[in-house]
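To keep things clear, I will list the structure first and then write my remarks on it.
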Amino acid sequence: MFPISVSILLLIGLAFFAYTVNNRLALLKITEAKDNRFKNIPQRIKKMLLFAFAQRRMMSNKKEFWSGLWHAFIFWGFCVISLRTLILFGQGYSETFTLPGFSGFVGHFYNLNKDIFTVIVFVAVCFFLVRRFITKPERISLSVEGILILFTIMFLMITDWFYDGGRIALGLDQAEFIWAPMGHLTAQLIDKLGWSSTTTEWVSNSSYFIHLALILGFLNFLPYGKHFHIITAIPNVFLQNLKPYGAINPINLEDENATTFGIDKIKEFSWKDVMDMYTCTECGRCTSQCPAYNSNKPLNPKAFLMELKDYLYDHSEAIANGDSEAKTAALEKPLVPEVIDSEILWSCTTCRACEEACPVFIEYVQKIVDMRRHLVLMRGEFPAEAQATLRNIENNGNPWGIGFDERANWAQGLGVPTLADKPEVEVLYWVGCAGSFDDRNKKVSTAVVKILQEANIDFAILGPEETCTGDPARRIGNEYLFQTLAKQNIENMGKYKFRTVLAQCPHCFNTIKNEYPQFGGNFEVVHHADFINDLIKSGKISPVKDLNEKITYHDSCYLGRYNKVYDSPREVIQSIPGVEYKEIEKSRETGRCCGAGGGRMWMEEHIGDRVNHQRFDDLKEADPQTIAAACPFCMTMITDASRDKESSVQTKDIAELIADAMG
């Protein structure tokens, strides 16, 4: 049909696209951190099909279901219509061109589906235009780019209809369009408008070229804005983190060639970090779930990533094609505070609500912790409260700074053995710092002991040999202190024989289970929610006392989002006679953080509202008498919020509830 014109379009469009892609690849190559994301290929393919092609995360949030569904329809529509695009380019050289196997029934069936999807995509675009101009969800940023892309997609559908409709009206390719309902409807419209054959041919041909030009223009526009995710989302999902979410990447502190630790320059990120920057859709789902942002803190996960991407893009020419001086200046510029304010980093509770909400599996927590690491290890810059906490951990093995030799005092008179006295047991009960030193959480430890003794579990504690797992130190950014504590604990645990480590703190549970293996500490670890639930199901303990309480449950981030323990705590609560259990809206994957994670337990909230107050308000929606928890940090934060708000609602650990119900 138009071989010269189509060839010129393709040559210009693809040449410019190749230049742009080469520029973006050059930015990936400047990164220094290694990151192998090509292991476990079958698992990656499965997740790619589930989350990239089936768009599962787009529809996982009930509040966002319809927007997610319409977005999925646009994606699926483009998958179907992309075949049509190939056919159209081929028809520029041969009017009868079609894809192999697309003749006859297969071709007719494809045309039918293609037309159905063009209508669905058109309606989806209208839906999103209404959202941007009328309903205006808070998480959506109105941008010229977004509107331009939506209208481009709309015109792609319209030009497809008029190209087909014009050819049908002219009597061309009648056999090809047997099952092309939108083509026939458009042909009928052309007939009613009374267009001449010359006008109809001109409209059809113009639609053809506009369609191809829009496709190539769309392709070249993508790498310059947020819609680059159309190209990078599928590979980014494929390359998602398959390691335990609770495992922060370690630093090789013994590397003699290392001149710095943590991240403070754009080049110090990994290539996957840059892929995350390319892939952000700016949908704002991360920000809408962020407890820091929603309590008026400086952290906005979307903006955090965009500021890094904008810096990268603003200096892309210097990095990719500039002289050595310009390139060095761009790569060596400190990110904090020139690009990212340090308060943004310290606002994070590492709750992973942002990552759980992200449909394309962007990783935020590792980046923030890595940037904290640089501030702490290289600059010695961190909040004053964190400094006191780290000093207490370093000197006494706990954030409270209480003498390490007092760690087992809570167990006096309870008949609890230590491993030093009983070196071989079935269960090592890891009490944790809160369970050992915090007066409120000592009661939880006592309740756990009562349950273990009732079930005749052979257990012991480390006592003074136990020290902080290092979770606060690692999340604050003091990797050196964390590794020192981890190695010390692993060595002490290795002196004894036990089958299972039982932890009542999700932070201890997560650290021992997911991070100690990085240093050779491979243990079978169970949280007390799962352990107690198994004891009830096996009949080793029986909650028989009627508590007559209305209870709701607060999900700990490090137990839920990090380790997917959602059902056990609820089953434990609902096993108690007389309990009226009520779920709240912000629960499980979408539960709001209490505000204590990421070392925030030990830092004051000097900016914005208190996260624990907001979480308490969430939980009050159930009108409970008691809020159940399974984490000492959550227990403290929610108890403090209840007291601050002069509420009569009490907070209890699930172990306390079961101990009470056993009589």
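Observations
- Only the Cβ atoms of Lys and Arg (+1) and of Asp and Glu (-1) were treated as charged; on that basis the dipole of the stretch 541-661 about its Cα centre amounts to roughly 240 debye.
- Simple Cβ-charge dipole of the chain, Lys/Arg +1 and Asp/Glu -1, about Cα centre, in debye nearest 20: 1040 debye
- Over the stretch 243-381, relative contact order from alpha-carbon pairs under 8 Å, at least 6 apart, %: 38 percent
- Of the residues Ile87, Ile41, the one with the fewest other Cβ atoms within 10 Å heads the list, and the complete ranking is Ile41, Ile87.
- The Cα atoms of the stretch 1-136 give a gyration tensor whose axes a ≥ b ≥ c have a/c of 1.5 or more with a/b no greater than b/c, which makes the shape oblate.
- Percent RCO, i.e. relative contact order, over the chain, from Cα pairs under 8 Å lying at least 6 residues apart: 12 percent
- Binned Cα-Cα distance frequencies in the stretch 389-535 - 5 Å width, integer %: 2, 10, 21, 25, 22, 14, 5, 1, 0
- As a rough footprinting exposure proxy, the listed residues Asp609, Asp439 were ranked by other beta carbons within 10 Å of their own, and the order from fewest upward is Asp439, Asp609.
- Counted charge near Lys226, where neighbours are those whose Cβ lies closer than 12 Å (Asp, Glu -1; Lys, Arg +1): -1
- Anisotropy class of the chain from Cα gyration tensor, a/c 1.5 cut: prolate
- Note, ³J(HN,Hα) from phi for the stretch 363-368, Karplus 6.51, -1.76, 1.60, rounded to Hz, x at Gly and Pro: 9, 9, 4, 4, 4, 5
- Cα gyration tensor category, rounded, prolate or oblate, for the stretch 541-661 with a/c compared to 1.5: prolate
- From helices alone, the chain scores -16000 deg cm²/dmol at 222 nm; the rule is -39500 (n - 2.57) for each run of n ≥ 4 DSSP H residues, then divide by the residue total.
- Distance violations [Cα-Cα > 32 Å] among Lys422/Lys550; Lys367/Lys495; Lys442/Lys487; Lys62/Lys367; Lys136/Lys652; Lys442/Lys497: Lys422/Lys550; Lys367/Lys495; Lys136/Lys652
- Ascending count of other beta-carbon atoms within 10 Å, so fewest first, for Phe361, Phe151: Phe151, Phe361
- Net charge dipole size for the stretch 243-381 [Lys, Arg +1 and Asp, Glu -1 on Cβ; Debye, nearest 20]: 500 debye
- Helix 3-29 axis, angle to the chain major axis (alpha carbon atoms, nearest 10°): 20 degrees
- Projecting the Cα atoms of Ala630, Phe65, Ser5 onto the charge dipole of the chain, computed from C-beta unit charges around the Cα centre, puts Ser5 farthest toward the positive end.
- Protection-proxy order for peptides 315-323, 641-649, each taking the mean of Cβ atoms within 10 Å per residue, highest first: 315-323, 641-649
- Angle of helix 144-169 to the longest C-alpha principal axis of the chain, folded into 0 to 90 degrees and rounded to 10: 40°.
- Formal net charge of residues neighbouring Ile81 (Cβ-Cβ distance under 11 Å; K, R +1; D, E -1): 0
- Positive end of the dipole of the chain (Cβ unit charges, origin at the Cα centre): among Pro137, Phe89, Leu619, the Cα lying farthest that way belongs to Phe89.
Bear in mind that the values in this text are calculations on the coordinates, not laboratory data. Since we're looking at a predicted model, the values are computed, not measured. In this analysis, Cβ positions are derived from the backbone assuming ideal geometry, glycine residues included, and neighbour counts consider all displayed protein chains.
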